[in-house]
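The structure appears below as structure tokens.
The values are calculated or read from the model by the stated rules, or taken from the named source; none is laboratory data. What you see is a predicted model; the values in this text were computed from it and never measured. Glycine also receives a Cβ, built like all others from the backbone with ideal geometry; neighbour counts cover every protein chain displayed.
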């Protein structure tokens, strides 16, 4: 009798193959999901059935994982199983997994207009390079990894544009028995994230005199050759928000606030999507385009005008 191959063996073969095709940060994310979730549940098995995966989903929901995280894990599992099928290790059986209906409100958190003005005024009155980074995020909607990686040569005050070309992040490396973290400078999240963002008049006015005297190769947040990493900058941001007596808002809320102000100003959705670096306009629509009561009333009034 031929002994069947364990899923753990297929995972190891998939890992060796996958590392040649994906970014180091993506590979690191895959390894974490495999190590923490897939190997403990499926590693000892020889086959994976739909019922096993459905039970896995309910278990992870009970453990407090979000549906998005679980779906990310299932994407990796499917890649591994298809790899096993392609290499004739076992047959791949597609599974149709059900998730409970999400009833909670998953609305994004944003700054009110008055709080946004308060922060931006504070930065103008209490200039530091770290404060400047928060002002840039509120003015251009860039991500924390992108602002940490931004150097002065990517700020063009001549044409008034910020060039987003890289991001910085700390990733967790899992290689056999070795476990460590690395700070890596890499290309942004997706090809759409490589983008050029026009500066507002106020931001351009603030940056022009600074740009004349800084070293172009220095990082904006440190004005030094050495960058600050996202975790450190996130902690700085939290302290500043507490100092300004602001409601608790994740750093990513600055990006949400920028996008929300754009939509409120009736900017067209495609333009907002491109500025944010979203891979498609659907992401922008799902996140930010939620008509308020005033817009709903206007819509119904227009509909009845058409009936008259």
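Checking the conditions here, which among 37, 44 is at pLDDT 90 or above and not in a helix (DSSP H, G or I)?
Of 37, 44, the one residue that is at pLDDT 90 or above and not in a helix (DSSP H, G or I) is 44.
Of 174, 213, which residue is under 22 Å from residue 25 (Cα atoms) and over 18 Å from the mean Cα position of the chain (by Cα)?
It is 174.
Please name all residue pairs, on different chains or six or more residues apart, with Cβ atoms under 6 Å, provided the first residue is in segment 1-23 and is surrounded by fewer than 14 Cβ atoms within 10 Å (Cβ to Cβ) and the second residue is assigned to a loop (DSSP other than H, G, I, E, B) and modelled with pLDDT under 90.
Hits for this filter: 4/46.
Scan segment 226-234 and give yes if some residue there is without any contact (Cβ under 8 Å) to a residue 40 or more places away in the chain and in the same structural domain as residue 134 (by TED's automatic domain parsing), otherwise no.
yes
Condition check: in contact with a strand residue (DSSP E or B) (Cβ under 8 Å, 6 or more places away or on another chain) and touching a residue at least 40 places away in the same chain (Cβ under 8 Å). Does residue 247 satisfy that?
No, not satisfied.
Taking residue 202, is it surrounded by fewer than 19 Cβ atoms within 10 Å (Cβ to Cβ), outside the structural domain of residue 14 (by TED's automatic domain parsing) and assigned to a helix (DSSP H, G or I)?
The answer is yes for residue 202.
Could you grab me the full set of residues in segment 64-88 that are closer than 17 Å to residue 42 by Cα and modelled with pLDDT under 90?
84, 85
When you scan segment 167-177, do you find a residue that is within 19 Å of residue 224 (Cβ to Cβ), touching a helix residue (DSSP H, G or I) at 6+ places or on another chain (Cβ under 7 Å) and in a loop (DSSP other than H, G, I, E, B), even just one?
no
Has segment 137-148 got at least one residue that is assigned to a strand (DSSP E or B) and surrounded by 14 or more Cβ atoms within 10 Å (Cβ to Cβ)?
No, that holds for no residue.
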